[in-house]
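The next block holds one structure in the form of structure tokens; read it before the comments.
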Amino acid sequence: MQPQPSGQPAAAPPLPRHVAIIMDGNGRWALGHGRARNTGHQSGLGPVRTVIEECVRRGIEALTLFAFSSENWARPADEVAGIMNLFCDALDRELPMLHANGVRLRFIGDLAALEARVRERAAEATAATAVNARLRLQLAVSYGGRQDIFAAARKLAARCVNGELDSNRLTVEDFAAGLALAGLPDPDLFIRTGGEQRISNFLLWNLAYAELYFTDTLWPDFSADDFELALQHFAGRQRRFGLTAEQLAS
Ligand code: IPE
Ligand code: IPE
Ligand code: MG
């Protein structure tokens, strides 16, 4: 940090516009406390509230949380059922908190794969918070990055076949318009808790230039201070987007 001339307030550290989080480690947290895996998922709700409130407080525009992957369907049936029950309870209970914080909630992923009761609550929560504008919150449920890209390719093909687009004049933007996060800035900061250093089929397209932050902290233990550490890591990075450091300085 450069010393500031006296009387000049220090410039605020750069803040990500969009944070994407793989909330991992619930199962290990539960086992470490001698409890069933699903109690770990339940205990993961507190940190979800914390990061939402921290994003709102700090003026971060968008937050995308990986809650359940396309591949998580293959987990034991009782764990999947527990997670689906948790979604229903949490959506019922947390709507006032979302409203109080001005959060606009959306779901990304294959919602058709969800039970009707989960899908209905997701649709209700989406409609009920559509007027809010302080934080755009995406919950990735039954989401896979490859599936997302494949769906975008299918949409593009359909738009070519129906004559809306000319296949010889396609742009990257035409393609990206079919992705789940179309219309949002790409995540600037990616956080994964739980110690694993992998993407696990999260936002494969959108994370192209995200700063990556991994922490061993298990998701149920993730606190406002841990989020602050991730933001400090982000603030210390030089984002070059393929340019040289000298180009950025000039
Ligand atoms: C992340 O925690 C939540 C989901 C994948 C639904 P895990 O359940 O993967 O926790 P670990 O990795 O087994 O500890
Ligand atoms: C990624 O975690 C998915 C979510 C956190 C929702 P996983 O626990 O499923 O990922 P892997 O299996 O360790 O790659
Ligand atoms: Mg895991």
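The values are calculated or read from the model by the stated rules, or taken from the named source; none is laboratory data. Since we're looking at a predicted model, the values are computed, not measured. Please note: Cβ atoms are built from the backbone with ideal geometry, for glycine as well, and neighbour counts cover all protein chains shown. Calculation scope for accessible area: heavy atoms of the full protein, side chains included, ligands and nucleic acids excluded. Shrake-Rupley method; radii C 1.70, N 1.55, O 1.52, S 1.80 Å.
Give the Kirkwood hydrodynamic radius (Å, one decimal) of the stretch 11-50, defined as one over the mean of 1/r across all pairs of different Cα atoms. Result for the stretch 11-50, one decimal place: 11.9 Å.
With only Lys, Arg, Asp and Glu charged, each at its Cβ (+1 for the first two, -1 for the last two), find how big the charge dipole of the stretch 133-250 is about the Cα centre; round to the nearest 20 debye. All intermediate terms of the calculation are to be shown ahead of the outcome.
Details: 12 positive and 15 negative charges, 89 e Å.
Dipole about the Cα centre, nearest 20: 420 debye.
Solvent-accessible area assigned to carbon and sulfur over the chain amounts to 52 percent, based on a 1.4 Å probe.
For residue 199, no residue whose modelled amide H falls within less than 5 Å of its own remains once neighbours fewer than 5 places apart on the same chain are excluded. Ratio of Rg to Rh for the stretch 151-217: 1.14 [Cα atoms; Kirkwood radius as inverse mean 1/r over pairs].
Per the helix-only calculation at 222 nm, which mean residue ellipticity applies to the chain, given -39500 (n - 2.57) for every DSSP H run of n ≥ 4 and division by its residues, nearest 500 deg cm²/dmol?
Details: 9 runs with 104 residues, N = 250.
So the calculated ellipticity at 222 nm is -13000 deg cm²/dmol.
A 1.4 Å probe run over the chain, with the rest of the protein chains in place, finds 53 Å² accessible per residue.
Counting Lys and Arg as +1 and Asp and Glu as -1, what is the net charge of the other residues whose Cβ lies under 11 Å from the Cβ of residue 70? Write out the running numbers ahead of the final one.
Details: positive: 146; negative: 71, 110, 148.
With Lys, Arg at +1 and Asp, Glu at -1, the net is -2.
Placing +1 on each Lys and Arg Cβ and -1 on each Asp and Glu Cβ, with no other charges, gives the chain a dipole about its Cα centre of roughly 200 debye. Each residue of the stretch 154-168 was assigned a 3J(HN,Hα) from its phi angle through the Karplus expression (A = 6.51, B = -1.76, C = 1.60, θ = phi - 60°), giving 5, 4, 5, 4, 5, 5, 6, 5, 7, x, 5, 10, 9, 4, 7 Hz with x at Gly and Pro. Each part gets one Cα centre, and for the stretch 157-176 versus the stretch 35-114 those centres are 34 Å apart.
Relative to the globular-protein estimate of 2.2 N^0.38 Å, the Cα radius of gyration of the stretch 1-134 stands at 1.28. Estimated translational diffusion coefficient (Stokes-Einstein, Kirkwood radius over Cα pairs, 10 °C, 1.306 mPa s) of the stretch 103-250: 88 µm² per second.
For the chain, the alpha-carbon coordinates run over 59, 56, 35 Å along the three principal axes, in decreasing order.
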